[in-house]
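K.L.:
Questions regarding the structure given below will be posed in turn.
Rule-based calculations on the coordinates, nothing more; no lab input. The shown structure was predicted, so the numbers you read here are calculated from the model rather than taken from an experiment. Neighbour counts are summed over all protein chains in view; Cβ atoms, including those assigned to glycine, are modelled from backbone coordinates with ideal geometry.
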Amino acid sequence: MIKLTLIFATISGMLSVGLGAFGAHVLKEKLEVSRLLLTYQTAVQYQFYHTLVLLAIGLLMTKYSSHWLSYSSYAMMIGIIVFSGSLYVLSLSGVKWLGAITPLGGLAFILGWGCLLMACLKIEF
């Protein structure tokens, strides 16, 4: 689980930077500055923030064995895929029904933070 968490986080981090640069340089001229570009930027920001959290979880896993850390890791990965992924597709394609699944990714993020809280409460530092 540690290796999966760290691999996922590093790939997600690379994608966050790449997708952010793509948005700043390529999409800036193609997307409306208003809604679609802001949606895209939100996806990049949430992906990047949660990638950093995922790296921290992976590093905690190297020192502490906790099923709560594993649950948190999975929830963060699902959140990145569902939340940011749906916003990327929505902003690039304009397919509006994808907005309906975005909150599920947000719930996964909340669950991930809750599991991380449980891990911090249970681990003896």
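K.L.:
Suppose the chain between Thr42 and Val89 were pulled fully straight at 0.36 nm per residue; how much longer would it get relative to their current alpha carbon spacing?
P.N.:
15.7 nm
K.L.:
Might you report the magnitude of the Cβ-based charge dipole of the stretch 2-122 about its Cα centre, with Lys and Arg at +1 and Asp and Glu at -1, to the nearest 20 debye?
P.N.:
Details: 7 positive and 2 negative charges, 29 e Å.
Computed about the Cα centre, the dipole is about 140 debye.
K.L.:
Which of Phe22, Phe83, Phe48 moves the most in a Gaussian network model of the chain with Cα springs under 10 Å?
P.N.:
Greatest mean-square fluctuation among the candidates belongs to Phe22.
K.L.:
If the chain between Ala56 and Glu124 were fully stretched, how many nm would it gain, using 0.36 nm times the residue separation less the Cα-Cα distance?
P.N.:
So the chain would gain 22.8 nm between Ala56 and Glu124.
K.L.:
Return the single residue from Ser16, Ser91, Ser66 with maximal mean-square fluctuation; model: Gaussian network over the chain, springs between Cα atoms under 10 Å.
P.N.:
Largest GNM mean-square fluctuation: Ser66.
K.L.:
Taking only DSSP H segments of four or more residues, each worth -39500 (n - 2.57), what value at 222 nm results for the chain once the sum is divided by all its residues, to the nearest 500 deg cm²/dmol? Intermediate values should be presented prior to the final figure.
P.N.:
Values: 5 runs with 93 residues, N = 125.
The helix-only estimate for the chain comes to -25500 deg cm²/dmol at 222 nm.
K.L.:
Still on this structure, please answer the following. Hey, could you pull the Cα Rg and Dmax for the chain, both in Å?
P.N.:
My reading of the Cα-based Rg and Dmax gives 15.5, 51 Å.
K.L.:
Here is a further query. Return the distance in nm (one decimal) between the two label points of a simple spin-label model at Arg35 and Met1, each offset 7 Å from Cα along Cα→Cβ.
P.N.:
So the label points at Arg35 and Met1 sit 4.1 nm apart.
K.L.:
How high is the relative contact order of the chain, in percent, counting Cα pairs under 8 Å that sit 6 or more residues apart?
P.N.:
Relative contact order comes out at 28 percent.
K.L.:
Working out 0.36 nm times the residue gap between Val26 and Tyr64, then minus their Cα-Cα distance, what length gain in nm do you get to one decimal? Mind dumping the intermediate values first?
P.N.:
Values: separation 38, 0.36 × 38 = 13.68 nm, distance 4.25 nm.
Fully extending the segment from Val26 to Tyr64 adds 9.4 nm.
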